[in-house]
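Working notes for the structure below.
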Amino acid sequence: PVLQQALPLVSAKKGYEASLAALQWNEQNPAFYPIYAMQALKMGEISYADEAMEKLRTLNPVLYQASQASYLAEKQRALEKTKF
């Protein structure tokens, strides 16, 4: 909860770094995967976000389903930013 509350207060890069560190230290905790995936999308790291969501799908299918709609919406925004 603390990480999610802090993310809006920091830059996108700091949010990405914090969520990555949290995930690396807590790889077996599925709650960190959607947080990291959303931050990765904000940085344009679509493949890393996809990997995180795929891992979440295997770790916790229920959380994966619950996160899927917001993830896909954010992914669409990230893809729009990459179009030239």
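Tell me the carbon and sulfur percent of the accessible area for the chain, rounded to whole percent, probe radius 1.4 Å.
58
What accessible area per residue, rounded to a whole number of Å², is obtained for the chain using a probe radius of 1.4 Å?
Normalised by residue count, the accessible surface of the chain is 65 Å².
Ranking request for peptides 58-64, 14-20, 77-83, 33-39: highest mean number of other beta-carbon atoms within 10 Å first, then the rest in descending order.
Descending mean neighbour count gives 33-39, 14-20, 58-64, 77-83.
Just one of [x] 12.2, 33; [y] 13.5, 41; [z] 12.1, 38 is Rg and Dmax of the Cα atoms in Å as worked out from the coordinates here. Which one is it?
Structure-derived value, by its label: [z].
The values are calculated or read from the model by the stated rules, or taken from the named source; none is laboratory data. Computed from a predicted model, the values in this text were never measured in an experiment. Glycine also receives a Cβ, built like all others from the backbone with ideal geometry; neighbour counts cover every protein chain displayed. For accessibility, only protein heavy atoms count, side chains too; no ligands or nucleic acids. Shrake-Rupley method; radii C 1.70, N 1.55, O 1.52, S 1.80 Å.
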